[in-house]
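The values are calculated or read from the model by the stated rules, or taken from the named source; none is laboratory data. For clarity, every value in this text was computed on a predicted model and none was experimentally measured. All Cβ positions, glycine included, derive from the backbone under ideal geometry; neighbour counts span all protein chains shown. Each accessible area value is taken on the protein alone, full model and side chains, heavy atoms only, with ligands, DNA and RNA left out. Shrake-Rupley method; radii C 1.70, N 1.55, O 1.52, S 1.80 Å.
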Amino acid sequence: MTDMEQALAISGGIFAVMMLTQYGRRKYDLHKVLLPIGTVSAVGYAYLKGMPSQHVDIVVYLVGAAIGLACGAVATLATGVERDPASGKVHTRCGAGFVAIWTAVVALRVAFICLAEHNTWFRDHLGTFMVEHHIAEDAVAPFFVIMALAMVLTRVFLLLARVRLLAPAAAAQVQPLTRESSPVRG
């Protein structure tokens, strides 16, 4: 499998999982927390074992993590969180903004790999940059995987924090009428 085919498979798989499980109005429960974590962990394990770990490679991975954190924060901002007043259940809402962010991230990754494989100017400049900075060629795939992991995990934990900040369930908000709070005084 070429780098381009791997990029398409990984990016397409993560994109598909996110769209199929997060797009639209969805009940927010433990499954919504564990599924993205499990998916990116499985992909991460497969692609991160044996990754280069020289000092400069670690810096490259930290840059990937920072980009993923930023993209995850934006994806979280594009996700609505609400508690159903009647049932007290929490729901998330992901629409066009959420799709646009994920599409942009996937498209940029695929464009990078496509340029690296098929554009002589880009490939030459990328190669020169990597040689000058002592970045291992095998550090590129982990960069993108770490970026995706950071994006998904950031969104998972920021959503969890937002859910915890929601007003309590409707049942807890209803105050029983007492003699002191009764609108009719007799």
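Things to note:
- Selected residue (criterion: surrounded by the fewest Cβ atoms within 10 Å (Cβ to Cβ)) from residues of the stretch 45-82 that are over 13 Å from the mean Cα position of the chain (by Cα) and small (Gly, Ala, Ser): GLY50
- Scanning the stretch 89-115 for residues that are charged (D, E, K, R) and either within 16 Å of GLY12 (Cα to Cα) or modelled with pLDDT under 90 (or both) yields LYS89, ARG109.
- THR154 being open to solvent by less than 80 Å² (accessible area, probe 1.4 Å), β-branched (Val, Ile, Thr), farther than 22 Å from VAL43 by Cα and modelled with pLDDT of 90 or more: no
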